[in-house]
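Remarks on the structure that follows.
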Amino acid sequence: MKQISPNLFIKEGHISNIDFSNITSKLAVESGFGALSTFEGIVRDDKIAGEDLKDKEAPKVEALKFQIYEPLFIKWMREWQEKASKKGVVLALAHSYGVVKVGETSYVASVMSKHRKPVLELFASFVDDFKANAPIWKFDIANGKEIYALDRSQTLKHSGLLK
């Protein structure tokens with residue numbers, strides 16, 4: 001795993017939740033925290049949705065391929081870390097880039113604090129915002145082809161095509 005900013009990691013291929021848990025458990029203990037909660041995103045074998053597949057049997061996803069825009073990912077995480085810090089909470093996140101197969105972990109997020117209440121209060125909004133706004137693009141892989149996962153993607157603020 002490569003650390004790209006404080007408590008933010010990326011790795012080609014799947015993430016080992018054991019490796020990440022070792023990092024976050026050590027951080028929680030060293031910080032004197034009593035609460036650590038971790039969320040793991042696992043690639044599912046969903047059927048691919050899309051306009052061109054309406055009349056056909058949709059293939060199942062075999063893997064996902066991720067692309068990360070690191071400068072915006074670092075900025076997004078820094079903003080969240082500042083919000084969390086005001087509540088006495090520390091955030092850590094690891095995400096894959098490249099191909100991650102069905103059943104493998106693509107990301108792990110941890111939220112920690114001295115007490116459980118601020119951890120539990122912040123966790124859902126952190127993960128929801130991650131899914132909506134982190135600059136990570138996802139492609140389904142099925143039958144050896146990469147298909148942009150448009151139906152599960154969000155437009156980033158201030159993004160668009162230049163004409």
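Each reported figure results from applying straightforward, stated rules to the coordinates on display, with no laboratory input. The shown structure was predicted, so the numbers you read here are calculated from the model rather than taken from an experiment. For neighbour counting, all protein chains shown are included, and Cβ atoms are generated from backbone atoms with ideal geometry for every residue, glycine included.
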Eigenvalues of the alpha-carbon gyration tensor of the chain, times 5 and square-rooted, give semi-axes in Å, largest first, of 31, 18, 14
In debye to the nearest 20, the charge dipole size for the chain, taken about the Cα centre with +1 at each Lys and Arg Cβ and -1 at each Asp and Glu Cβ, equals 540
Once the in-chain neighbours fewer than 8 apart are removed, the aspartates and glutamates whose Cα is under 17 Å from LYS2 read GLU12, ASP19, GLU70
Highest mean packing first, using Cβ neighbours within 10 angstrom, the peptides 129-141, 1-13 sort as 129-141, 1-13
For the table LYS11/LYS47; LYS65/LYS117; LYS11/LYS131; LYS26/LYS47, the rows whose alpha-carbon distance is greater than 29 Å are LYS65/LYS117; LYS26/LYS47
Each label sits 7 Å from Cα toward the beta-carbon; between TYR69 and ASN143 the label points are separated, in nm, by 3.1
Contour minus Cα-Cα span, LEU27 to SER125, at 0.36 nm per residue, comes to 33.1 nm
